[in-house]
Every structure is written in C-alpha cells, then in structure tokens.
1. In this model, which of Lys264/Lys315; Lys101/Lys135; Lys315/Lys357; Lys79/Lys135; Lys101/Lys174; Lys101/Lys145 are farther than 24 Å apart at the alpha-carbon?
2. Heavy-atom accessible area per residue, the chain, 1.4 Å probe: how many Å²?
3. Mind jotting down a quarter of the surface of the convex hull over the alpha carbons of segment 241-360, in square nanometres, one decimal?
4. With each label point set 7 Å from Cα along the Cα-Cβ vector, what nm distance links Ser216 and Ala331?
5. Full extension from Ser164 to Glu259: what is 0.36 nm times the residue separation minus their Cα-Cα distance, to one decimal in nm?
6. As a test of understanding, state the convex hull volume per residue of segment 37-153 from its alpha carbons, in Å³.
7. By how many nm would the segment from Arg19 to Ser289 grow when fully extended, if each residue of separation counts as 0.36 nm and the alpha-carbon distance is taken off?
8. Tell me which GluC sites (Glu not before Pro) from segment 150-206 have a DSSP coil assignment and no more than 12 other beta carbons within 10 Å of their own.
Amino acid sequence: MRFLHTGDLHLGRVFSEARYGRAFAQQRRRELLDTFSRIIDYANEHQVDLILCCGDFLNSDQLCVEELRNINAMIERLKRAVVFAISGNHDPQIENSAYQKISWSRRLYLAPPGISRMTLEPLGASITCHSWDKKEMTEPFSVPKADAHSNLYQILMLHADALSEESRYLPVDKDALSQAGFDYVALGHIHSPMELAPNVRYAGSPEPLDFGEEGSHGFWLVDTDETNQQVQFVPFARRNYRTLTVQTAAQDAELAIAERIAAKLPCQDDIYTVGLYGTHPSCAGWDLSRIREELLGKGYLCRLDDQTTPDYDLKQLGRENQGNLIGDFIASFQGETMDAVHRRALEYGLEALISQKGRES
Ligand SMILES: [Mn+2]
C-alpha cells in the first residue's frame, strides 16, 4: 500500500489584508485550493492508494457552497485513492458545518465524531481515529490500543496536540502514542512536519499559513508491504516563509533600504520577515510601510521587524539636558534592566520630548 499523510490544509482560510495587502491575501487563499488540487494530481500520478487527511481540511466557516463544490470536484478527479479524513478544531462536525452543506463525493470518507475504527480490507489496513465535534477539547486524550492479534497494517489518526500538556486542543502524550502498538500514527494540528518517534508523525500543513511557519512544508509518502516500510517527506509548498536581517544606518534613505533588502532576497515566490538592525534617525524615523510598498512593487512580500535603535548618544544627551524634563526622563531609566520593552519606552518617550522641545524653541 502507498499512502499520503497530510492535514491542516485549512482550505478557505482568509488571510489578513492588513498583513498581506488585499490582492495578495486573496491570491494566497486561492493558492491553498490550488495546492490541494496539485495533491490530487500527485496522488493520481504516483499510484497513491489512500490519502489520510488529519483534520482541519477545511476552514469550515469561511467557505461558501460554490467553493465546497469546487473542492468536491477536485476529490472526484481521484482515479485510485480515497481521502480518509477526520475533523479537527477548524472543521468540527457541528450543526451547519461545511460537511453538511453539500453532498460529498464517495471518494471522501469522513470519520464520525469521537473514536472509531474501520478496516480497509483491500488495502490490508485498519484505521483507528478520532474526529472532532467541538472547537476546543481540553481533556487529555487517552490513546486507544492497537489490536494485538491483527495482521493488518494498523494506523492511528488524530488531530491533537502532542507538544503541550496545557493545550486546549486535545492534549495527548507522545510516548503513549508511540507505544500503543500502531504501525503508523498520523497526526494533524501542528503546522510544521515533525517526526516524534519512528512511528509517529505530524504531517504539517502542505502550505505554510502565516509568518512564523518557516521551514519546509509538504506531506509524508509511505510505502508498506508485509516486511518493509519506507517513509519520505515530499516538499510541496508553493511558497515558504523565510527570515533574514539587514543592517541600517541613520543616514539611509527609505528607498536605499528597500534596495538593500531586495538585493538580499533570493526568491520572489517566498514571503519574508526582514529584521532591520542598526540605527535609525533619532527624531524622524522611517516610514516602514513606504519601504514595504516599494518592495511589493518589486514583487517581494515582506514583513519588516524593526529592531533599530536611534542614533543619539544617550550619555551626551543626558549631560546636555541635566535638570530639564529630557534629562530627568533619561535618568529615570538608570538602574533599570534595559530589555526590549524598556528600550522602546525610552525611545518613544525621548522622541516625543525631543520633538516637543524642537517645536517650542
Ligand atoms: Mn487544528
């Protein structure tokens, strides 16, 4: 048997226009659907028997009926495989969920809420799984045991959080998962692919869904026969998120910074967090949205993380302003541990005071 382990496709997810800009937010939403369509093509081209979808297949509330029909038409294109899905916290089987709104293809099997077990006789496999019917589940999940007498290939499918005991999303003990006797434990919910034990994996989302979800995204492809099991990760994302840093100096013009950033970005397809380090002009900071728009015009989608510090000399500024409001303000920070929050507070306060002073004189 050859199966594909995926999950967290979040089809229908709406991307923030504030973060991505309107056009790109809409494009990115379409790309998630395109990637599911590419997965269907991949399954057809690679003789996949079974697609495991480990929850959060749909952002249930954000899809209209016509879009659901389009997704269903993609599933209908499968020649050989079936999609075996469990519901997660974004597509729980509640009243009026997306799963109730249209009549779905027989190639999609959605496991009922709670724990269930199903035998796929032609594939020599059995699937034990859990499906959601609410948006939060805080009780720790007690892991069912595999059938010790079965000679089937036994899969456990869960949408659960094996990384945090305090999780509101079905906390589960990862050692219990690896020791329950299953040949393969297919997990969803965490968006990065991860191997927790030789038989326990998170699929991760095939597309990264937001800043912070860096690294490779795709799905697992598993081949099994009576004696062997081969598991490979297939990178599949249309875009990746990346982080890089750029140095600034106080005399830099906004457009010069944009040029410098663009020169460091290797690929227009990816989405970047650019950390700005160095100094910025002490009283007239840069307009970061201007830099961002300039980069967007060149085809780069970036988030700017401004870590620059103003170019004034704090000691000298304190000496020059001894006894006045600015001097007192600087002195009030002495003895404080200057973490990022304190530094920002000092900087914003000083900028306000200095510009006020400039207006008065
Ligand atoms: Mn989830």
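1. The answer is Lys264/Lys315; Lys79/Lys135; Lys101/Lys174; Lys101/Lys145.
2. 49 Å²
3. 8.3 nm²
4. 6.0 nm
5. 30.0 nm
6. Enclosed volume per residue, from the Cα hull, is 109 Å³.
7. Length difference between fully extended and current span is 96.1 nm.
8. Passing sites in segment 150-206 are Glu165, Glu166.
The values are calculated or read from the model by the stated rules, or taken from the named source; none is laboratory data. This one's a predicted model, so the numbers in the text were calculated from it and none came from an experiment. Glycine also receives a Cβ, built like all others from the backbone with ideal geometry; neighbour counts cover every protein chain displayed. Quick note on the areas: whole protein, heavy atoms, side chains included, nothing else; ligands and nucleic acids left out. Shrake-Rupley method; radii C 1.70, N 1.55, O 1.52, S 1.80 Å.
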